[in-house]
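These notes are about the structure you will find just below.
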């Protein structure tokens, strides 16, 4: 089975590539790159006028398997991933049961082998049942295939537990993904604590609830030498703390989500308490958003990740205070990144590719997608100039909880190729 | 007199002065009716509404019921313990079931801000907010405004001091949103742990010094202190609260001699307000309660009654 990607603009900053050429794919790998390659017998994808990039990877998704497949499962989650231009994802362990031992890891990997349309790397819980008490079997789970440990959704409160977890993870070279949140400070807040929550009479989540844990875990990283990755940064001070941590030599990295670099807390007012504006951490003020944009531009923020958090309609069709936290992100991430960052001149196309392909792969230690002969054919093709509307009816995730439904964006993924197989073309999922 | 051109009463933040004028004017007429020996109008005969209360309330629920009965509406009261909200029937299902029984309006009190907005988007019948979390309490705001206007004639330039736990207060928010539109000089005073963010942007003064707020005030509106805030660490003790923020005779002397003393009730005597003040000459607290019925009659009439004047 061969595939010819014809006449695209190949952009791969890590390999120093930016030129118009064809890519010939054979047996799942890039066989040749050059001008006028033969298309005899090959599946031809016309990439004229489009950007051919190393495949995008999202290291922060919730695929709800096992236990909450009514929200999302491996099949629907990976369908959303490939529709959104992603060739691989890392799924979070806050499932039921929690991914905290090899048996559950293996269950997820079996589902992945049977159902997935893209690469899926599980992550494991930091502590057993994510209770923040005893360490989970990180070494055993790493051998089974996890790429990181994380407390996403249920932060480790006890600093001594977190310190030991970092020391323990470090010996296995495991990344610690850190959902930084002090639960006492968060309380039962529902949106960013500030002017808008005050006007709307909603309980607030102060920025310091994130910043306190970010500061703590940067210091613990300095002390233990462990690699800590701050998930979904939401505040200016968080960006400042991470910049400081990097200067101090801490092995700290971080991610920003499209919603945190696009929206502010005003969206809750504008959308009249729509529960699709409720996520944790919440979107905050314009000053926070600007700091995130600056962090993306200057490299303080290492990657873009979605925190794709599907929820059933019923879980969002309630009063704001009682609605589930989280929004879907896989099918809108590329569009928002092109429209809001690249087109606005916040980052370059090359930076976007580093933020969404090269660096995410490096962080979780999986093969780094690259446009070079011999590399796995994990490729994302972008149509930077196509203007389109985000439609709920076209989404393939089981859940439609996105505040971006109805938005018009310029730029979207055109094709997703995973291991040489075409999985999406023109935002339609290809299953055969 | 024509009705309000809106389906719901959710808050004063999105209500125009024309609409508020109409409600306040109609409420004066309703107050006259309340003084008649036969306090019954056939205006809303054949109309029905429910009071759906997810929080305890005596005054507001009964005030709506009495207002409805004076206008001959059929009123059904439903009280639901808020503890059962999360596990029981959803708000949407409860309200839709009531709607298909043919009711014309839902009057709702709910502990979550925005709950009536959620409902209003999903029901064809009217939704009247009787207090949503710490967001708004529009009928309380309007009855406070009616009381002020009766005594002071207008709102423009009046110094209005609102004192107490502003942060958690839907009464404070509705007062601010309503009075600010008429150009009142609004002062919010309370302990720093109970002051909200962002109201300075609306031209409202925010201070921790109750004396500063009350100095030369035309109106002093004292908010109820929820005593469980002490357990959450927002104030150390009742005596300390009373010492620094309680409205007592000495502090009331800072206000104008004809200043009005208001309280939305229920009062904690000796905590946020001294008995001497609550029962003093300047107190209009009981008139607020009377005006509450009048304002609610006006709103029910304007939303459900439509066309002809009373």
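For this structure, a couple of remarks:
- Rounded to the nearest 5, the antiparallel percentage of DSSP beta bridges internal to the protein assembly as shown is 35%.
- Evaluated at q = 0.22, 0.24, 0.26 Å⁻¹: base-10 log I(q)/I(0), Debye formula over Cα of the range B:184-257: -1.05, -1.18, -1.29
- Distance cut-off 12 Å, percentage of C-alpha pairs in the range A:143-199 lying past it: 73 percent
- Considering only the range A:57-180, percent of DSSP beta bridges that pair antiparallel, nearest 5: 10 percent
- Between the helical axis of B:59-70 and the longest alpha-carbon principal axis of chain B there is an angle of about 40 degrees.
- Per the Debye calculation on the range B:96-144 with a single equal scatterer at every Cα and no solvent contribution, log₁₀ I(q)/I(0) for q = 0.31 Å⁻¹ amounts to -1.14.
- Alpha-carbon geometry of the protein assembly as shown: the Rg and the Dmax are 30.0, 99 Å, given in that order.
- Remark: the range B:110-231 is approximated by an ellipsoid whose semi-axes, taken from the C-alpha gyration tensor as √(5λ), come to 25, 19, 12 Å, largest first.
- Legend: ranking of residues A:17, A:98, A:283 from fewest to most surrounding C-beta atoms inside 10 Å; resulting order A:17, A:98, A:283.
- The range A:1-80 - Rg (one decimal) and Dmax (whole number), Cα, Å: 16.8, 50
- Taken along its three principal axes, the alpha carbon spread of the range B:1-69 comes to 35, 33, 23 Å, from the longest extent down to the shortest.
- Antiparallel DSSP beta bridges within chain B, percent to nearest 5: 5 percent
- Counting only Cα atoms, the size of the range B:212-310 along its three principal axes is 53, 36, 22 Å, in decreasing order.
- Linear extension gain, residue B:240 paired with residue B:56, 0.36 nm per residue minus alpha-carbon span: 63.5 nm
- Separation of alpha-carbon centers, the range B:206-222 and the range A:325-343, rounded to whole Å: 48 Å
- Compactness of the range A:337-395 as Cα Rg over 2.2 N^0.38 Å, two decimals: 1.35
- Taking every C-alpha pair closer than 8 Å and separated by at least 6 residues, the mean separation divided by the residue count of the range A:1-101 gives a relative contact order of 25 percent.
- Helix-only [θ]222 nm of the protein assembly as shown, DSSP H runs n ≥ 4, -39500 (n - 2.57) each, per residue, nearest 500: -9000 deg cm²/dmol
- Cβ crowding within 10 Å averaged over residues, with B:10-16, A:304-310 ranked highest first: A:304-310, B:10-16
- Per residue of A:191-202, other chain Cβ atoms within 10 Å of the residue Cβ number 6 on average.
- With coordinates expressed along the principal axes, the C-alpha atoms belonging to the range A:13-139 extend over 59, 30, 24 Å, beginning with the largest.
- Column: log10 I(q)/I(0), Debye, Cα scatterers of the range A:218-333, q = 0.14, 0.18, 0.20 Å⁻¹: -0.61, -0.90, -1.03
- For the range A:50-91, the orientation-averaged shadow of the C-alpha convex hull comes to 3.0 nm² (one quarter of the hull surface).
- Counting beta carbons within 10 Å around each of B:118, A:172 and listing the fewest first gives the order A:172, B:118.
- Most mobile of A:316, A:389, A:203 in a GNM of chain A (Cα contacts under 10 Å): A:389
- Average 1/r across all pairs of distinct alpha carbons in the range A:225-275, invert it, and you get the Kirkwood radius: 12.6 Å.
- Between residue B:207 and residue B:226, the distance separating the two model label sites (each 7 Å from Cα on the Cα→Cβ line) works out to 2.7 nm.
- One compactness figure for the range A:88-161 is 1.06, namely its Cα radius of gyration divided by 2.2 N^0.38 Å.
- The C-alpha atoms of chain B define a longest principal axis, and helix B:138-152 lies at about 60 degrees to it.
- Averaging Cα coordinates gives a centre for the range A:129-198 and one for the range A:1-65; these two points are 36 Å apart.
- Choice from B:157, B:292, B:114 showing the highest fluctuation, given a GNM over chain B with Cα pairs closer than 10 Å: B:157
- Backbone N under 14 Å from the residue A:143 label point (7 Å along Cα→Cβ), restricted to the range A:170-195: A:172
- R0 of 30 Å, Cβ-Cβ distance residue A:1-residue A:348: FRET efficiency to nearest 0.05: 0.30
- Both radii are taken from the alpha-carbon atoms of the range A:300-426; with Rh as the Kirkwood radius, Rg/Rh is 1.00.
- Tail fraction, Cα-Cα pairs, chain B, threshold 34 Å, whole percent: 20 percent
- Square roots of 5 times each gyration tensor eigenvalue, C-alpha, the range B:50-185, largest first, Å: 29, 17, 13
- Note on residue A:103 and residue A:129: the model spin-label points, each 7 Å out from Cα along the C-beta direction, lie 1.4 nm apart.
- By the count of neighbouring beta-carbon atoms within 10 Å, fewest first, B:286, A:422 end up ordered B:286, A:422.
- Gap separating the Cα centres of the range B:248-310 and the range B:61-139, nearest whole Å: 24 Å
- Taking the convex hull of Cα positions in chain A, its mean projected area over all directions (nm²): 18.6 nm²
- Averaged over the residues of peptide B:169-182, the number of Cβ atoms from other protein chains lying within 10 Å of each residue's Cβ is 1.
- Degrees between helix A:286-298 axis and first principal axis of chain A (Cα, 0 to 90, nearest 10): 50 degrees
- The range A:288-362: radius of gyration over Cα atoms, expressed as a fraction of 2.2 N^0.38 Å: 1.31
- Spin-label model, residue B:193/residue B:267: points 7 Å from Cα along the beta carbon direction are separated by 2.6 nm.
- Per residue, the average separation of C-alpha pairs within less than 8 Å and at least 6 apart gives the range B:25-157 a relative contact order of 21 percent.
- Bins of 5 Å from zero: percent of alpha-carbon pairs in the range A:321-369: 5, 19, 19, 18, 18, 11, 6, 4, 1
- For the segment A:319-331, counting C-beta atoms of other chains within 10 Å of every residue's C-beta and taking the mean gives 3.
Since every read-out is calculated from the coordinates, none of them should be taken as a lab result. If you're wondering where the values come from, they're calculated on a predicted model, not measured in any experiment. Every residue, glycine as well, gets a Cβ built from its backbone with ideal geometry; the counts of neighbours run over all protein chains shown.
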